[in-house]
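Everything on this sheet refers to the single structure shown next.
A short reminder: the numbers here are calculations on the coordinates, not readings from a lab. Just so you know, these numbers come straight off a predicted model, no measurement behind them. Here Cβ is always computed from backbone atoms with ideal geometry, including for glycine, and neighbour counts include all displayed protein chains.
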Ligand SMILES: Cc1ncc(COP(=O)(O)O)c(C=O)c1O
């Protein structure tokens, strides 16, 4: 039981606006496509782990009972062999790529490694990688590891305020010795959204390749890889694509660089004829050459319904709602939470914002714990003081955004967070 009222913050004038926006929301019915939550819970962490689509349970039951349980190894030829291709084609549609430019496989870290090293091998006379300090840690670790293996250096450009991407400084860093520009399209902490077209063109002007991490944009922000002539991309599927914990990642290799990029982690699944069991490696003449080992069939099956939902809703409608939700949340948070010590740590300009909003507070960690445990509201926390609120347009509502602000205000005014430890003890 919680110590205070979890109900809507209906005395606030914006509450009516939230209800009006929900009533007019063309994506409203998509929330019913997800497994129901405990009725009082507000889940604003779909940017970390998306919710469970209802169809995933039945799809998994089918794989377990029929495809695996019944058909056993025959399912490889009946269904499984092409499963990753079909899924890759479906993801391609969400990121502005052509069928067969996208492969679903591995984790984001692993596909990032494959493509980073593949890019460095394609530019052997160059010795620099350029990235920014807003990137997700795994991106930095992988970039450094690939750089070390190929004798390259990494230039990490700082952001002046820790929120906005340092676009001009990145452009200034690019030179004839740059092999690769590698960035997250949407920054994991602040939600800053880069101008993909501009940075891709700037890298191409000096003959460098570009690798985009789409983990925080796929399924939430329209991505136009082909239109931008982006060379390489990777991304997670367990966030806005609702593929489930640890669901496989995807990689994209643009047609225009296809002949240049090789997979440095060659395994038998990337072989042109894996069932010839030839001891000599001969890469598949398609995106399948980036496969390494046996495909995780259960995880691929679990991802299908989430991808189908995003395609059914369509990126233009998803983006429109995402922008409206985040703008509404920022507006209400600034009125109600700014006087309580919260500060916006995401871009105010919607054109520069992904689908999550970070609020900073000096007591951010204690407040996060208190709102999860006492207010039945789940955001997440990123050190040192960012509370991230992810808005997943397929199931988040304006009333939830409003009620979340009200619950946080009640926790902080009631000083409930002061009962929690100051230092982070676990990962959220
Ligand atoms: C930008 C970005 N890249 C990569 C990852 C994670 O990669 P992996 O799935 O390999 O853990 C995350 C996780 O949140 C992320 O935000």
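Working from label points 7 Å from Cα in the Cα-to-Cβ sense, the residue 422 to residue 320 distance is 4.9 nm.
Could you tell me which of rounded, prolate or oblate describes the stretch 1-136, using a ≥ b ≥ c as the square roots of the eigenvalues of the alpha-carbon gyration tensor, with rounded for a/c under 1.5 and, failing that, prolate when a/b is larger than b/c and oblate otherwise? Oblate shape, in that a/c is at least 1.5 and b/c is the bigger or equal ratio. Computed from label points 7 Å out along Cα-Cβ, the spacing between residue 175 and residue 57 is 5.9 nm.
Taking only C-alpha pairs under 8 Å that are 6+ residues apart, what is the relative contact order of the stretch 54-123 in percent?
Details: 32 pairs, mean separation 12.1, N = 70.
Relative CO of the stretch 54-123 lands at 17 percent.
Among 256, 356, sorting on how many other beta-carbon atoms sit within 10 Å of each Cβ, with the fewest leading, yields 256, 356. Between the stretch 91-166 and the stretch 191-236, the alpha-carbon centres lie 11 Å apart.
Stretching the chain fully between residue 272 and residue 41 yields a gain of 78.2 nm (0.36 nm per residue, less the alpha carbon separation). Applying 0.36 nm per residue to the separation of residue 10 and residue 286 and subtracting their alpha-carbon distance, the gain on full extension is 93.7 nm.
Rule-of-thumb check for the chain: C-alpha Rg over 2.2 N^0.38 Å?
Values: Rg = 22.3 Å, N = 428, 2.2 N^0.38 = 22.0 Å.
In units of the globular-protein estimate, the chain measures up at 1.01.
Here the simple spin-label model places points 7 Å from the Cα toward Cβ, and for residue 140 and residue 168 these points are separated by 2.4 nm. For the stretch 367-392, backbone nitrogen atoms closer than 20 Å to the point 7 Å from residue 156 Cα along Cα-to-C-beta are found at 382-386. If you line up the long axis of helix 297-313 against the longest principal axis of the chain, both from Cα atoms, how many degrees apart are they, to the nearest 10? That helix lies at roughly 60 degrees to the long axis. Computed extension length for residue 70-residue 351: 96.1 nm, one decimal, from 0.36 nm per residue of separation with the Cα-Cα distance subtracted. Estimated from helical segments only, the mean residue ellipticity of the chain at 222 nm is -10500 deg cm²/dmol, where each DSSP H run of four or more residues counts as -39500 (n - 2.57). Compute the helix-to-body angle for 137-149: its Cα long axis versus the longest principal axis of the chain, expressed 0 to 90° and rounded to tens. Between the helix axis and the principal axis of the chain, the angle is about 20 degrees. If a/c stays under 1.5 just call it rounded; otherwise compare a/b with b/c (prolate if a/b is bigger, oblate if not). Do that for the stretch 82-312, with a ≥ b ≥ c from the square roots of the Cα gyration tensor eigenvalues. In terms of gyration-tensor shape, oblate.
Suppose we look only past 17 Å in the calculated P(r) of the stretch 222-318. What percent of the Cα-Cα pairs does that tail hold?
Working: 2876 of 4656 pairs.
Roughly 62 percent, once rounded to a whole number.
The distance linking the stretch 322-400 with the stretch 13-34 is 18 Å (Cα centroid to Cα centroid, whole angstrom). With a ≥ b ≥ c taken as the square roots of the eigenvalues of the C-alpha gyration tensor of the stretch 89-175, please select rounded if a/c is under 1.5 and otherwise prolate if a/b is larger than b/c or oblate if it is not? Because a/c hits 1.5 or more and a/b fails to exceed b/c, the stretch 89-175 counts as oblate. Put in line by how crowded their Cβ is, counting other Cβ atoms within 10 Å and starting with the fewest, 33, 282 read 282, 33.
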